[in-house]
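Where a number appears in this text, it was derived from the coordinates with a stated rule and is not lab data. Note that the coordinates shown come from a computational prediction; the quantities given were computed from them, not determined experimentally. Using ideal geometry, Cβ is built from the backbone for each residue, glycine included, and neighbour counts are taken over all protein chains shown.
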């Protein structure tokens, strides 16, 4: 894979030959191998039990913003897709996250996690205690989808290729290391173990079939890089505010200063 | 209602008192009474059997573009809505139009209608035979939703307040006057008789609860006016191309010149 590394940082020239689907898949996976946020020091702390309870709280509080933006992002994806069959498959993501009929959905399961960490729901859903950098990152994601072609929008979801591994690590690590966890609290991640592979199989298949030209392939590689940045930057902000140097920006949640039950 | 007529054409001054919910509802209904496309001469022809079969064909072919944009428009609405409960309710519209699981949805039912009129499906779904004015109008609708606040986006759907009447007229008029119709062909409209009231009850309730300031109320009145224009302008274009003066623009479907089976 070494020869493909430059793909991740600069676009291939337009007069290059397009990659085969297998080469494109390898290039996408190489981006994940370098940039997916399972590699971030904050996740290593979280999964190995080195985070304090307050650091876990800060993570869950901020990550809620990401969860909350996902159905809005997927609505924006639907708005870009002309193909009804693709929309029919894609809408399952919104049903999974917002819930449908009796299922209360993934966002509700995330709130069970923040409940267990002692946060008031109104405080979590207001997003007022989240880091501004978190909110900027997740809004950039919604905006990226709107501003780009449907193919690129779909490619930005391909971080799901790498998600099952992180979820499995997280479930094992957090159940082992933190007292507040139990199967109910970890239900969000358990559910994603089956949802994410189904979602990313569809998205990867779509991208490999539809990204034929060099421009399209550059677009999808850029989209996945962008999305890795969306995830990574959230952990950078968490680390800076709650690990080192530990400077909480004005208005963001301060451990021990209330807003938790 | 006469004293409210100016509301439909120009915004109320910002220092006016906001309307009560009942006054706002009356103002919305007054817009429909003046501007909803059931008043358009083309619809009067269609429902009374005065349209030729080719004029019905042109209508169904063009109206497909509107049907096809609706789930994309509703995806854009989802992207604007922060409230999960509102998204959960709104999602039903996408499920209705695109279909979900075994239900093939409203767009498929529209294609049954264009099938019955002798069009190839690929030609219909390519939208290549539609009038440019039709496509501009429906894309303007998707764009309006994206460019405006969620409240205004939701208000743009309130033409549904007036839809059940037109659907009932259409079912009766078309079954009576046209040989190609039967219950299967008219299934789209039959389904909308129950879907549209449910949808518009929710949207009207949301708008009346959330449009409190003069600016917000001006915004929702403007949104409904805009949406009436989206619908009306499609019929103007149809009338000009296929009734009088009967000038079909370059590339649009010409009766008798193929593209139908």
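GNM on chain B, C-alpha springs below 10 Å: top fluctuator among B:52, B:233, B:126? Among B:52, B:233, B:126, the largest mean-square fluctuation in the Gaussian network model of chain B belongs to B:126.
May I ask you to derive the FRET efficiency for residue B:168 and residue B:257 from their Cβ-Cβ distance with R0 = 35 Å, giving the value to the nearest 0.05? Numbers along the way, then the final one.
Details: r = 34 Å, r/R0 = 0.98.
That pair, residue B:168 with residue B:257, gives E of 0.55.
At the listed q of 0.15 Å⁻¹, the Debye profile of chain B, built from one uniform point per Cα, gives log10 I(q)/I(0) equal to -1.11.
Against chain A, whose longest principal axis is taken from its Cα atoms, helix A:21-35 shows a tilt of about 30°. Label positions at residue A:54 and residue B:48, each projected 7 Å from the Cα along the C-beta direction, are separated by 7.8 nm. Structure remark: mean-square fluctuation, Gaussian network model of chain A, C-alpha springs under 10 Å; the largest value among A:145, A:86, A:112 belongs to A:86. For residue B:248 and residue A:209, a Förster radius of 30 Å and the Cβ-Cβ distance give a FRET efficiency of 0.25, rounded to the nearest 0.05. When chain A is treated as a Gaussian network with alpha carbon springs shorter than 10 Å, the biggest mean-square fluctuation among A:220, A:207, A:243 belongs to A:243. Label point of residue A:175 set 7 angstrom out along Cα-Cβ; within the stretch A:86-115, amide nitrogens under 17 Å from it belong to A:113.
In terms of other Cβ atoms within 10 Å, B:66, B:36 run from fewest to most in the order B:66, B:36. Once you reduce the stretch B:171-246 and the stretch B:128-160 to the center of their Cα atoms, the two points are 12 Å from each other.
The angle between the Cα long axis of helix B:84-98 and the longest principal axis of the Cα atoms of chain B comes to about 10 degrees, rounded to the nearest 10.
In chain A, the longest principal axis of the Cα atoms and the axis of helix A:132-147 are about 30 degrees apart.
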